[in-house]
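One structure below.
The values are calculated or read from the model by the stated rules, or taken from the named source; none is laboratory data. Remember, it's a predicted structure, so these values are computed and weren't measured experimentally. Glycine also receives a Cβ, built like all others from the backbone with ideal geometry; neighbour counts cover every protein chain displayed. We work out accessible area using only protein heavy atoms, side chains counted, and drop any ligands, DNA or RNA first. Shrake-Rupley method; radii C 1.70, N 1.55, O 1.52, S 1.80 Å.
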Amino acid sequence: MIILGIDPGSRITGYGLIRTEGTRLIHLDNGGIRTDAASDFPGRLGRIFAGITEIIERYAPEAVAVENIFFSNNAQSALKLGQARGAAVVAAVVQGIPLFEYSALQVKQAVVGHGKAAKEQVQHMVKVLLNLAEPAQADASDALAVAICHANSMGLARRIKAMG
């Protein structure tokens, strides 16, 4: 199964693609959709939508996993982040791909083993779990972590189903 993980951001939206083979996790690609070149915020949202659409068309993932937004003290920042997340979600929905959402706590728990892990710990574990030569850029690493979280959740769901 190919899983696209997305870490939404209004300036950089991270993406990470993995493939599962049994219990193995295989890194396919990662990067960031940079929106700084867009002169207006709607233009940035359009770049996110187009970028995610292009990635979906290139890799044909069977699932998309997105990190839920966290509540921010800055309402304006939270609103922009929510809109960026919405652009990414709509790109997956338009393509008809099942979408799954995970909290930052769930992602950290799945990748590091505890929900209060630091960003550096998540980056390190993503590198180890995917056997990367070097850590991925922060936004891409977060997106890969979301994809790993979904892979782990799907594996658990299959085991529970097999027991019942």
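Between the listed residues ALA60, ILE97, GLY32, the Cα displaced farthest toward the positive end of the dipole of segment 13-146, a dipole computed from Cβ unit charges relative to the Cα centre, is found at GLY32. Dipole magnitude for the chain: computed about the Cα centre from +1 point charges on Lys and Arg Cβ and -1 point charges on Asp and Glu Cβ, it is near 360 debye. Evaluating 6.51 cos²θ - 1.76 cosθ + 1.60 at θ = phi - 60° for every residue in segment 5-20, the Karplus couplings come out as x, 10, 10, x, x, 7, 9, 9, 9, x, 9, x, 10, 10, 10, 9 Hz, glycine and proline recorded as x.
The order of HIS124, HIS114, HIS27 by accessible area, most exposed first and with a 1.4 Å probe, is HIS124, HIS114, HIS27.
When only Cα pairs below 8 angstrom with a gap of at least 6 residues are kept, the chain shows a relative contact order of 30 percent. Computed on protein heavy atoms with a 1.4 Å probe, the accessible areas place ASP139, ASP36 in the order ASP36, ASP139, largest first.
Amide H contacts under 5 Å for SER103: ASN68, restricted to partners 5 or more places along the chain or on a different chain, H placed in the peptide plane at 1.01 Å from N. Label segment 1-134 by shape, choosing from rounded, prolate and oblate, from the square roots a ≥ b ≥ c of the eigenvalues of the Cα gyration tensor; if a/c is under 1.5 it is rounded, and otherwise prolate applies when a/b is larger than b/c, oblate when it is not. Judged from the Cα gyration tensor, segment 1-134 comes out oblate (a/c at least 1.5, b/c at or above a/b). The helix-based estimate of mean residue ellipticity at 222 nm for the chain, built from -39,500 (n - 2.57) per DSSP H run of four or more residues and divided by its residue count, is -17000 deg cm²/dmol to the nearest 500. Local charge for ALA136 was computed over the other residues whose Cβ lies under 14 Å away, with Lys and Arg +1 and Asp and Glu -1, and equals -4.
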